[in-house]
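The values are calculated or read from the model by the stated rules, or taken from the named source; none is laboratory data. None of these values were measured; they are calculated from a predicted model. Cβ atoms come from the backbone with ideal geometry, glycine included; neighbour counts cover every protein chain shown.
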Amino acid sequence: MEILKLLRPGVTKPHVDHAARARWLAAVYHAVRSVGGAVTAGAEEPAVGRNYYRVSVRARDGAAGAILFNAAALVVAAAEGGSPQESAAVFADVPGSEVFSTRGFSVADQAELNEPLTERHLQELAADERRDVAYHRPPRLGDLLFNWFD
């Protein structure tokens, strides 16, 4: 997937979309079950200070993680660890990613999310979003798409 195409005005801001959330959450349950995992907590909504939806999951081997969803870009990602308060995510590949793809979501893989953020990534963002980036200085593309900007 080419993440650059998803970087447009509004992608860094909290975006609530109830219909997209419902489709994403149904896909989360299906994808996690398809790989022998389980959803361990309800979905957290985007809010001031977090621009994405988040749901905690546990892998078949017991490892804690989360499935993330940026509704403005319709992109899904995964993170290792179980703490929603972690501002620097350890990105992972999305378990059962094909489930999300077949339901119309873009799926960001670990390599894409860990890509260093460059000026090229910021070109299509709104001026206030570029100011947020200058202030918060996210180091990776994933930190831009799944951010804790206040």
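For region 122-150, a residue qualifies if it is farther than 28 Å from Leu25 by Cβ and under 16 Å from the mean Cα position of the chain (by Cα), and exactly one does: Pro139.
Among the candidates Ala73, Ala59, the residue that is in contact with a strand residue (DSSP E or B) (Cβ under 9 Å, 6 or more places away or on another chain), among the small types (Gly, Ala, Ser) and more than 20 Å from Ala19 (Cα to Cα) is uniquely Ala59.
Mind counting the residues in region 38-55 that are modelled with pLDDT under 95 and touching an Asp or Glu at 6+ places or on another chain (Cβ under 7 Å)? Of the residues in that region, 2 qualify. When Leu125, Leu113 are checked against the criterion of being closer than 23 Å to Arg8 by Cα and touching a strand residue (DSSP E or B) at 6+ places or on another chain (Cβ under 7 Å), Leu113 stands alone in meeting it. Restricting attention to region 56-86, which residues are within 19 Å of Lys13 (Cα to Cα), surrounded by 13 or more Cβ atoms within 10 Å (Cβ to Cβ) and at pLDDT below 95? Hits for region 56-86 are Pro84, Glu86. Restricted to region 89-101, and to residues there that are under 14 Å from the mean Cα position of the chain (by Cα) and of a type in the set (Val, Ile, Thr), the residue that is nearest to Phe149 (Cα to Cα) is Val90. The residue of region 100-138 that is nearest to Ala79 (Cα to Cα), among those that are in contact (Cβ under 8 Å) with a residue 60 or more places away in the chain and small (Gly, Ala, Ser), is Ala108. When restricted to residues that are over 11 Å from the mean Cα position of the chain (by Cα), crowded, with 18+ Cβ neighbours inside 10 Å and within 27 Å of Arg23 (Cα to Cα), region 102-121 contains 2.
Residues in region 45-55 that are crowded, with 16+ Cβ neighbours inside 10 Å and either among the basic types (Lys, Arg) or under 18 Å from Ala22 (Cβ atoms) (or both): Pro46, Arg50, Tyr52, Tyr53, Arg54, Val55.
May I ask you to say which residue of Ala31, Ala73, Ala59 is under 15 Å from Ser101 (Cα atoms) and either among the hydroxyl-bearing types (Ser, Thr, Tyr) or in contact with a Pro (Cβ under 8 Å, 6 or more places away or on another chain) (or both)? Talk me through it step by step, then tell me what you get.
Working: Ala73 fails: either among the hydroxyl-bearing types (Ser, Thr, Tyr) or in contact with a Pro (Cβ under 8 Å, 6 or more places away or on another chain) (or both); Ala59 fails: under 15 Å from Ser101 (Cα atoms).
Answer to the check: Ala31.
Any chance you could count how many residues in region 57-77 are among the hydrophobic types (A, V, I, L, M, F, W, C), at negative phi and not in a strand (DSSP E or B)? Looking only at that region, the number is 5. Put simply, of Val55, Val28, Val75 the only residue that is under 14 Å from the mean Cα position of the chain (by Cα) and closer than 25 Å to Ala126 by Cα is Val75.
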